[in-house]
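Below: one structure, written as structure tokens.
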Amino acid sequence: MESTYVQEFEVIGGDFLRAGQVSTQIKAILKEIGINHSIVRRISICAYEAEMNVVMYAQRGKILFSMNPHKTNITVEDEGPGIEDIELAMREGYSTATSEMQEMGFGAGMGLPNIKKNADTFHISSVVGKGTKLQIGIMN
Amino acid sequence: MSQIVHTVSIDRELCKGSMACVQSCPAEAIRVRKGKAVILDELCVDCGECIQICPNNAIKPQTSSFIDFSQYKYTIAVPSPVLYSQFDRKFSPNSILKALRQIGFDDAADVTYCCESVSLVIREFLTTYHGPVPLISPFCPAVVRLIQNRYPDLRELLLPIESPMEICARDQKLKKSRELNIPQEEIGAIYITPCPAKINSILCPPRKEESLLNGGISISEIYNSLLSVLSSFDKNINYSEDRCISGIGVGWAVMGGEAKSLQAENTLAVAGLHNVIRILDDIEKGRLRDLEYVECLACPEGCVGGSLTVGNPYISRSKIIRLTEQFSELAAQDWDTTKDLYDKGHFLLSQEIPSIPPKLLDKDIGAAIQKMKMRDEIVKTLPGTDCGACGAPTCASFARDVVNGDADINMCVFKVYEKIKKISSQLTELLNGSAFMSTRNHSGKS
């Protein structure tokens with residue numbers, strides 16, 4: 001029997017009250033399933049950064065979490081402004097966050113670089129005015 | 001030591017199966033099964049939150065009694081600084097130490113000096129530390145157990161420094177063995193504890209082979225004897241004049257005292273296990289990297305909120321703060337001596353902390369994924385009210401218990417109600433359809 005676990009989560013842009021809950025849930029699932037804890041930590045860093053990007057910049061987004069014994073995939077698709085220059089966005093320290101966001105401790109320009117650093121496979125595509133799609137893969 | 005020992009247990013005679021403990025346990029480690037509460041060993045962190053919540057006084061800490069110490073030639077009480085906040089303000093720390101010497105201990109040693117030494121040592125440690133941050137304070141044993149259990153990847157962040165209570169026991173044993181010319185093994189050091197977690201750290205210390213303390217007695221257990229001795233002291237003697245404690249050190253009894261004593265810019269203090277869990281979750285997600293040090297304490301307001309204390313935690317807190325102010329003038333500890341000891345390794349711990357993983361859904365990841373899916377399916381059919389009538393704290397934890405084979409789906413009253421409704425409608429249908437009943441009805445009506 002194919003053992004793949006799939007769950008989809010909704011993320012609402014600007015909902016700072018519940019920000020981070022999806023990555024907390026993903027982390028709990030991985031821990032219960034018994035994935036190695038250092039891998040859980042890498043996945044939760046990726047999931048958290050991706051979730052926060054939706055909360056901070058997009059109107060709404062979907063996080064598709066799927067895993068099998070060998071690999072965990074997280075696909076985040078949002079409806080939002082999109083990214084004009086992906087290469088620039090991938091640079092450490094580059095951020096379009098407002099000063100309010102930065103005062104709250106977000107938007108240090110480390111989100112996307114952090115995801116890339118922790119993921120085994122990472123793909124980003126974006127259409128300005130429509131949204132951004134991240135595909136993150138981590139070997140278990 | 002990695003063996004699981006617990007210092008909280010349930011008296012099955014007294015337990016009436018109340019859900020109070022199940023629903024208040026921050027670790028979701030209690031279930032009511034067959035009408036009695038049961039502690040799940042692999043999840044319990046010995047915080048003791050359940051002890052005060054139980055309406056039937058059925059949850060007891062496992063503390064030592066005086067009789068256990070008869071094997072020692074000489075006994076030293078090592079009271080948590082919380083003890084100083086448990087009595088009226090007119091009773092100074094010195095008079096409380098004196099009272100301890102009258103209720104059966106040969107001596108009583110103050111721990112606040114050691115707290116201050118450890119504060120100085122942490123300051124020094126932080127100036128030369130370049131590893132991952134934030135470092136997490138390792139002095140609340142319930143928090144350490146939680147990390148071993150649920151956040152094994154954060155073990156590397158636990159500060160590798162010995163706790164003040166252990167240092168106090170070590171120093172006192174050395175001093176007394178020289179003074180009295182007896183071997184250290186014949187001296188018993190007994191911790192006067194505000195919580196069961198500290199006793200647990202004496203019975204099975206996570207960070208070393210063996211504790212230097214030989215047991216623990218709760219503050220609540222000796223409170224009355226101490227109070228009667230204190231009340232008998234001559235009121236004309238002003239014990240408050242004595243300079244016997246460290247202001248910085250006594251602050252460790254409340255949330256923020258330890259963090260403040262480090263004089264570092266980026267520290268954080270958190271108290272209450274629910275709040276600690278939120279902070280650890282954030283750290284695990286890679287947040288809070290701008291912090292140097294996080295003080296995490298399981299009890300609300302810090303150790304003054306321990307479940308084996310007597311005083312109201314908020315009143316105790318204000319007393320502790322007054323003591324920190326009263327004894328703030330002089331730095332009690334001489335840094336040169338402390339630094340010398342630190343350089344010699346007197347305060348450092350090098351042993352790796354073992355992880356204590358909770359029971360997995362399955363050893364095989366593929367099978368665990370299947371069970372997770374089953375769990376999700378079961379959750380969908382449950383009412384989601386988290387009523388607790390099944391004996392589990394939430395519908396989700398109940399579903400997990402069912403998948404693990406630790407609970408039966410029919411323990412959910414809503415499921416049973418649904419089934420009874422279905423069966424009774426089937427019965428009505430059967431009765432209405434039976435030829436016998438319809439004739440009777442017919443004849444009855446006509």
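Bear in mind that the values in this text are calculations on the coordinates, not laboratory data. Here the structure is a predicted model, which means the values were calculated and not measured. Cβ sites come from the backbone with ideal geometry, for glycine too, and all protein chains shown count toward neighbours.
Shielding by partners for peptide A:19-30, expressed as the average number of C-beta atoms from other protein chains within 10 Å of each residue's C-beta, is 2. Note on residue B:156 and residue B:208: their simple-model spin labels are 2.5 nm apart, each label 7 Å out from Cα toward Cβ. Note on residue B:328/residue B:23: beta-carbon distance plugged into 1/(1 + (r/R0)^6) with R0 of 51 Å gives a FRET efficiency of 0.75. In chain B, Cα pairs under 8 Å separated by at least six residues give a relative contact order of 20 percent. On the beta carbon distance between residue B:408 and residue A:17, with R0 = 45 Å, the FRET formula returns roughly 0.75. Estimated at 0.36 nm per residue, the fully extended path between residue A:8 and residue A:86 surpasses their Cα-Cα distance by 25.5 nm. Among B:260, B:363, B:175, the largest mean-square fluctuation in a Gaussian network model of chain B (Cα springs under 10 Å) belongs to B:363. What the Cβ-Cβ distance of residue A:127 and residue B:425 gives, at R0 = 45 Å and to the nearest 0.05, is a FRET efficiency of 0.25. Projecting the Cα atoms of B:135, B:365, B:261 onto the charge dipole of chain B (Cβ charges, centred on the Cα centre) puts B:365 farthest toward the positive pole. Using only alpha carbons, chain B has a radius of gyration to Kirkwood radius ratio (Rg to Rh) of 1.11. Full-extension gain between residue B:40 and residue B:268, please, as 0.36 nm times their residue separation minus the C-alpha to C-alpha distance. Contour length minus Cα-Cα distance gives 79.0 nm. Cross-link pairs exceeding 22 Å in C-alpha to C-alpha distance, out of A:31/B:208; B:371/B:415; B:175/B:319; A:27/B:208, comprise A:31/B:208; B:175/B:319; A:27/B:208. Under conditions of 4 °C and 1.567 mPa s, chain A yields 86 µm² s⁻¹ as its translational diffusion coefficient, taking Rh as the Kirkwood radius over Cα pairs in the Stokes-Einstein equation. What number of lysine-lysine pairs in the stretch B:15-124 show an alpha-carbon separation below 27 angstrom, given a sequence spacing of 8 or more or placement on distinct chains? Within the stretch B:15-124, the lysine pair count is 7. Each Lys or Arg adds one and each Asp or Glu takes one away; over the other residues whose Cβ falls under 10 Å from the Cβ of residue B:144, this sums to +3.
Restricting the calculation to Cα atoms, the stretch A:24-77 yields a radius of gyration followed by a Dmax of 11.4, 34 Å. Annotation: extensible slack from residue B:346 through residue B:89 equals 89.0 nm (criterion: 0.36 nm per residue apart, minus Cα-Cα distance). Enter the angle in degrees (range 0 to 90, nearest 10) between the Cα long axis of helix B:273-284 and the first principal axis of the Cα atoms of chain B, meaning the one along which they spread out most. For B:273-284 against chain B, the angle is about 90 degrees. Between B:281, B:340, B:106, the Gaussian network model of chain B with springs among Cα atoms under 10 angstrom shows the greatest mean-square fluctuation at B:340. Extents of the protein assembly as shown, largest first, come to 95, 82, 39 Å (Cα atoms, principal axes, whole angstrom).
Which one, B:297, B:40, B:427, has the greatest fluctuation when you compute a Gaussian network model over chain B with C-alpha springs under 10 angstrom? Ranking B:297, B:40, B:427 by mean-square fluctuation puts B:427 first. The charge dipole of the protein assembly as shown, taken about its Cα centre with unit charges on the Cβ atoms of Lys, Arg (+1), Asp and Glu (-1) only, comes to about 2040 debye.
Helix-only arithmetic for chain B: the sum of -39500 (n - 2.57) across DSSP H runs with n ≥ 4, divided by the residue total, places the mean residue ellipticity at 222 nm at -13000 deg cm²/dmol.
Modelled label positions at residue B:4 and residue B:418, each set 7 Å beyond Cα in the direction of Cβ, lie 3.1 nm from each other. Extending 7 Å from Cα along the Cβ direction at residue B:13 and again at residue A:38 yields two label points whose distance is 5.2 nm.
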